[in-house]
Amino acid sequence: MSWERQINVKSPAEIAIMREAGRINAAVLAAVKERLQPGVATAELNAAAEEVLKSYGCISPFKGYGRPPFPASITVCINDEMVHGIPHPKRKLKEGDIVSIDCGTIYEGFVGDSAFTAGVGEISPQATKLLEVTEGALYAGIENMRKGKHTGDVSAAIQKFVESHGFHVTREYTGHGVGKKMHEGPQVPNAGIAGSGVLLRPGFTIALEPMVIIGTHETRVLPDNWTVVSADGSLTAHFEHTVAVTEGEPLILTVL
Ligand code: MG
Ligand code: MG
């Protein structure tokens, strides 16, 4: 069965473990965020992340994932790079860059998955707006992560929020269920129709991850077979949280 169709409902005990995975993932991202300074190499950010993961006895599901195997524990994307950027010792951050960091943590067999985009030093007003809109879209999606809603309600909320600010959501890359595997069902696109898709139930755990592009929704993959960039070279941003559907309020798992 393809991953999109395999939905695993988690017990409260499993969600408690995922909350710990998420807490550790948040600690990793916080450590990386502190190091976003001009002159820092993207491989140094990966090393910082691995140090924190190791201190918890954890690893990232990113390392060795896919074909060709992803070589690092985090992805680092600068400016027009949207997702899946490979850390490199010679790639240095510059003043005014925006940098997206995505990390996963495996803790007691369960995965936490989250991402953020932040500026290096002073960034342009347009870049600032892009970050605010992308993070706002994530929370617009999370607000719909409720029992009785559908995945399409989440997708539509993200799309509507982004497009109301004049930006674009990717069509090719989506949110996803997460649990013992990094990718489970249901798939949650960043664009969609309210009321459509899969009915949300308590115990669903889903990584929502709006990826937003200033110019158009189109992307392409670089020759390294991993790095996804905006087709028109415009800036992109990415925010992600793993969220549990409960009997009540949505529960964000990937916070400290
Ligand atoms: Mg992620
Ligand atoms: Mg994800």
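Restricting the search to the stretch 82-99, which residues are more than 12 Å from the chain's Cα centre (by Cα) and either free of Cβ contacts under 8 Å to residues at least 60 places away in the same chain or within 16 Å of ligand 2 (Cβ to nearest atom) (or both)?
Initial filter on the stretch 82-99 (more than 12 Å from the chain's Cα centre (by Cα)): 85-99.
Within the stretch 82-99, G85, P87, H88, P89, K90, R91, K92, L93, K94, E95, G96, D97 qualify.
Are there any pairs with C-beta distances below 6 angstrom linking a residue in the stretch 100-122 that is closer than 18 Å to L256 by Cβ and at pLDDT 95 or above to a residue that is acidic (D, E) and within 14 Å of ligand 2 (Cβ to nearest atom), with the two at least 6 apart or on different chains, and if so which?
As it stands, the answer is G104/D113; S114/E240; A115/D102; A115/E240, since those pairs meet every condition given.
Return yes when E143 is away from ligand 2 (no atom under 16 Å from the Cβ), surrounded by fewer than 19 Cβ atoms within 10 Å (Cβ to Cβ) and more than 16 Å from F239 (Cβ to Cβ) and no when it is not. Don't jump to the end; show me each part of the working.
On the way: away from ligand 2 (no atom under 16 Å from the Cβ): yes; surrounded by fewer than 19 Cβ atoms within 10 Å (Cβ to Cβ): yes; more than 16 Å from F239 (Cβ to Cβ): no.
No.
Of the numbered conditions (1) without any contact (Cβ under 8 Å) to a residue 40 or more places away in the chain; (2) within 14 Å of ligand 1 (Cβ to nearest atom); (3) surrounded by fewer than 18 Cβ atoms within 10 Å (Cβ to Cβ), H165 satisfies every one except a single condition; which is it?
For H165, the failing item is (2).
Taking interchain pairs and intrachain pairs at least six residues apart, which have beta carbon atoms under 7 angstrom, with the first residue in the stretch 143-158 and under 14 Å from R171 (Cα atoms) and the second assigned to a helix (DSSP H, G or I)?
Between residues of the stretch 143-158 that are under 14 Å from R171 (Cα atoms) and residues that are assigned to a helix (DSSP H, G or I), the close pairs are I158/A137; I158/A140; I158/G141.
Residues checked against (1) assigned to a loop (DSSP other than H, G, I, E, B); (2) more than 15 Å from E240 (Cα to Cα):
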| site | (1), (2) |
| --- | --- |
| V52 | no, yes |
| A72 | yes, yes |
| E122 | yes, yes |
| Q126 | no, yes |
| K129 | no, yes |
| V133 | no, no |
| G152 | no, yes |
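Please pick out the residue among V28, V120 that is out of contact with any Phe, Trp or Tyr (no Cβ under 9 Å at 6 or more places or on another chain) and hydrophobic (A, V, I, L, M, F, W, C). If you could, list the steps in order and put the result at the bottom.
Working: V28 fails: out of contact with any Phe, Trp or Tyr (no Cβ under 9 Å at 6 or more places or on another chain).
After applying the criteria, what remains is V120.
Which of the residues belonging to the stretch 108-129 are more than 16 Å from ligand 2 (Cβ to nearest atom) and either crowded, with 23+ Cβ neighbours inside 10 Å or closer than 30 Å to A16 by Cβ (or both)? Can you show your working first?
Of the stretch 108-129, the ones more than 16 Å from ligand 2 (Cβ to nearest atom) are 108-109, 118-129.
Listed by number, the residues that qualify are E108, G109, A118.
What residue, of G179, G175, is in contact with a Leu (Cβ under 6 Å, 6 or more places away or on another chain), within 14 Å of ligand 2 (Cβ to nearest atom) and touching a residue at least 60 places away in the same chain (Cβ under 8 Å)?
Values: G179 fails: in contact with a Leu (Cβ under 6 Å, 6 or more places away or on another chain).
After ruling out the rest, the residue left standing is G175.
The values are calculated or read from the model by the stated rules, or taken from the named source; none is laboratory data. Small disclaimer: the values here were computed from a predicted structure and weren't measured. Heads up, the Cβs are rebuilt from the backbone with ideal geometry, glycines too, and the neighbour counts pull from every protein chain shown.
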